[in-house]
Amino acid sequence: MAFLEISNLQKDYAGNRVVENFNLAVEQGEFISFLGPSGCGKTTVLRMVAGFETPSAGSIRIDSKDVVNLKPNQRNIGMVFQAYALFPNMTVAQNLAFGLKVAGKSKAEIESTVQEMLALIKLEELGQRYPFQLSGGQQQRVALARALAVKPKLLLLDEPLSALDAKIRVSLREEIRAIQRKLQITTIFVTHDQEEALSMSDRIVVMHKGKADQLGTPFEIYNQPKTRFVASFVGTINVLEGIVTDAQTGSFLLNGTELSLGRSLANLKTGDSIALALRPEAASLGLVAGKVGQLQGSVQDVNFLGSVIRVRVKVGDSVLSLDTFNQPAVAPPKAGDQVIVTFAPEELLVLAD
């Protein structure tokens, strides 16, 4: 049995269903991210797990115990919010000690745990400072340590990095993941930032319109998206429309050229439309051995991104993006250049919808 089990979870607000038939099993020590745009239901699911919202239907079990009817303070959960929610009139040490005092811990245990938490977040010298004397990143670390101080069974993080600037976000997400691994605490992390989810997670739940569109490892979510939404939301994607010519062999017609995936197309038949996804890094400019898929077009624009150059090519009515490594000795193409975009058909992903 999984450590956290969410079964057939549903939430309605004034007749509107914001979470529908949500199911998830999380193992002890896993780091799971809920990824999706604003309004997709990810925070609502998190709040139901925390006990701040009551499900309209479904069950939530933590360590084999049904917690749906328990109050938040009865679930042994630590939660970190986007807003740090630190007590402004308390020092860092007092903020860390607060939950321990409420739990009735002894003075010696409180002092020991506070020092342990300060060391964990590398703020040993700042215990007597007040929140307003800390940077945003330091405040968020204190909020994390306060949630961990009471030794919760489950840690919930609700977009904790979104208020920070880019460099601090990168360093802090590395710290959070390192702390989580060290403590082996089961964690659910809510974010709309795909880079955060891909870099931090053991598995990702991509949410769309109140449902889990896909659950998988970062590798699976990026390389094997099951739906058009997942493919377009996670990373940059080119969607190509073709016509099936032989479902058994996986053959299809794309821009007048017949290609084959080399595998059968389940649930499709000859004459059906097919949506195919191609990542920018899988496409190349010019002829490349093994890349028999070819499309002709004109360069629309070129974006220099440092180590990578992103080229957008207009092919018929579509615009395709492709990435190529920066080579100082080779000048990139220019807008208006006529080019051939090539790809290996087996790198095309068939989108279920």
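The values are calculated or read from the model by the stated rules, or taken from the named source; none is laboratory data. All values derive from a computational prediction rather than experimental measurement. In this analysis, Cβ positions are derived from the backbone assuming ideal geometry, glycine residues included, and neighbour counts consider all displayed protein chains. Ligands, DNA and RNA are excluded from the accessible area calculation, which covers all protein heavy atoms including side chains. Shrake-Rupley method; radii C 1.70, N 1.55, O 1.52, S 1.80 Å.
Nearest 5 percent is fine: what portion of the DSSP beta bridges confined to the chain is antiparallel? Let's see the in-between values first.
Values: 56 of 74 bridges.
Rounded to the nearest five, the antiparallel share is 75 percent.
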> Quick one: of the DSSP bridges fully inside segment 125-276, what percent are antiparallel, nearest 5?
Replying inline: 75 percent
> Leaving out ligands, DNA and RNA, what percent of the accessible area of segment 9-99 is carbon and sulfur, probe 1.4 Å?
Replying inline: 47 percent
> Looking at (1) 149; (2) 183; (3) 169, which value of volume of the Cα convex hull per residue in Å³ comes from a calculation on the structure shown?
Replying inline: (2)
>> So with the 1.4 Å probe, I'd like the accessible area per residue for the chain, rounded to whole Å².
In response: 49 Å²
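Write out the trypsin sites (Lys or Arg not before Pro) in segment 247-337 meeting two conditions: DSSP loop, and at most 15 other Cβ atoms within 10 Å of their Cβ.
Here the sparse-neighbourhood loop sites are ARG263, LYS269, LYS334.
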>> Can you tell me which lysines have their Cα less than 19 Å from the Cα of LYS151? Leave out same-chain residues fewer than eight positions away.
In response: LYS65, LYS71, LYS101, LYS105, LYS107, LYS122, LYS182
> Remind me, relative contact order of the chain in percent, using alpha carbon pairs under 8 angstrom and six or more residues apart?
Replying inline: 15 percent
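Roll a 1.4 angstrom probe over the protein heavy atoms and tell me the percent of accessible area of segment 275-335 that is carbon or sulfur.
On the way: 1850 of 3330 Å².
Here it works out to 55 percent.
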>> Less than 22 Å apart at the alpha-carbon level, and either on another chain or at least 8 residues along: which lysines does that give for LYS209?
In response: LYS11, LYS42, LYS226
> LYS291: which aspartates and glutamates have alpha carbons under 20 Å from its alpha carbon, excluding same-chain residues fewer than 8 sequence positions away?
Replying inline: GLU241, GLU258, GLU281, ASP323, GLU346, GLU347
> Given the options PHE34, PHE87, PHE22, which has the most mean-square fluctuation in a GNM of the chain, springs set between C-alpha atoms less than 10 angstrom apart?
Replying inline: PHE87
>> Can you compute the label reach from ASP12? Point 7 Å from Cα along the Cβ direction, backbone N cut-off under 17 Å, restricted to segment 34-67.
In response: 54-59
>> Quick check: the angle from helix 92-102's long axis to the longest principal axis of the chain, C-alpha only, nearest 10 degrees?
In response: 70 degrees
